[in-house]
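The values are calculated or read from the model by the stated rules, or taken from the named source; none is laboratory data. It should be emphasised that the depicted structure is a prediction, and the values quoted were computed from it without experimental measurement. Note that we place each Cβ from the backbone using ideal geometry, even for glycine, and neighbour counts take in every protein chain shown. For accessibility, only protein heavy atoms count, side chains too; no ligands or nucleic acids. Shrake-Rupley method; radii C 1.70, N 1.55, O 1.52, S 1.80 Å.
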Amino acid sequence: MRTQDISKVKNPELRGSLAALQRAAAMARKTAIQTNTALVIVQDGKTIRIPAEQLRREEQNGK
């Protein structure tokens, strides 16, 4: 389901799920930076490890 589709569904919980996932991702980044641990994600079917230092740089650059 695309972002545009989610905003049009009748179920209010499903409509709010995208915002909840975005908040959870932001909290995970913040926690990884605070604890100096890497963030592990899956992108295009590949597991990627993002070190805390890279997360700090991205945060400083406004990404």
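Annotations for the structure displayed:
- Where trypsin sites (Lys or Arg not before Pro) fall in DSSP loop in the range 1-43, at most 15 other Cβ within 10 Å: Arg2, Lys8, Lys10
- Selected from Ile33, Ile50, Ser17, residue furthest toward positive end of dipole (the chain; charges at beta carbon): Ser17
- In Å², nearest 10: area of Ser7 left accessible to a 1.4 Å probe: 80
- Under 29 Å, Cα to Cα: Lys pairs in the chain, sequence gap 8 or more or different chains: 4
- Check: the chain dipole with +1 on Lys, Arg Cβ and -1 on Asp, Glu Cβ, in debye: 120
- Structure remark: mean-square fluctuation, Gaussian network model of the chain, C-alpha springs under 10 Å; the largest value among Gln34, Gln22, Gln43 belongs to Gln43.
- Taking the helices alone, the chain has a mean residue ellipticity at 222 nm of -18500 deg cm²/dmol, built from -39,500 (n - 2.57) per DSSP H run of at least 4 residues and averaged over all its residues.
- Among Ala38, Ala20, Ala52, residue whose mean-square fluctuation peaks in a GNM of the chain (springs only between Cα atoms under 10 Å): Ala20
- Between the amide H of Ala38 and those of Ala52, distances stay under 5 Å, these residues lying 5 or more places away or on another chain, with hydrogens modeled in the peptide plane.
- The value of relative contact order for the chain, using C-alpha pairs under 8 Å at least six residues apart, is 19 percent.
- Where labels lie 7 Å past Cα in the beta-carbon direction, separation of Val42 and Ser17 in nm: 1.6
- Between Ala28 and Ser7, the FRET efficiency estimated from the beta carbon spacing at R0 = 25 angstrom works out to 0.60.
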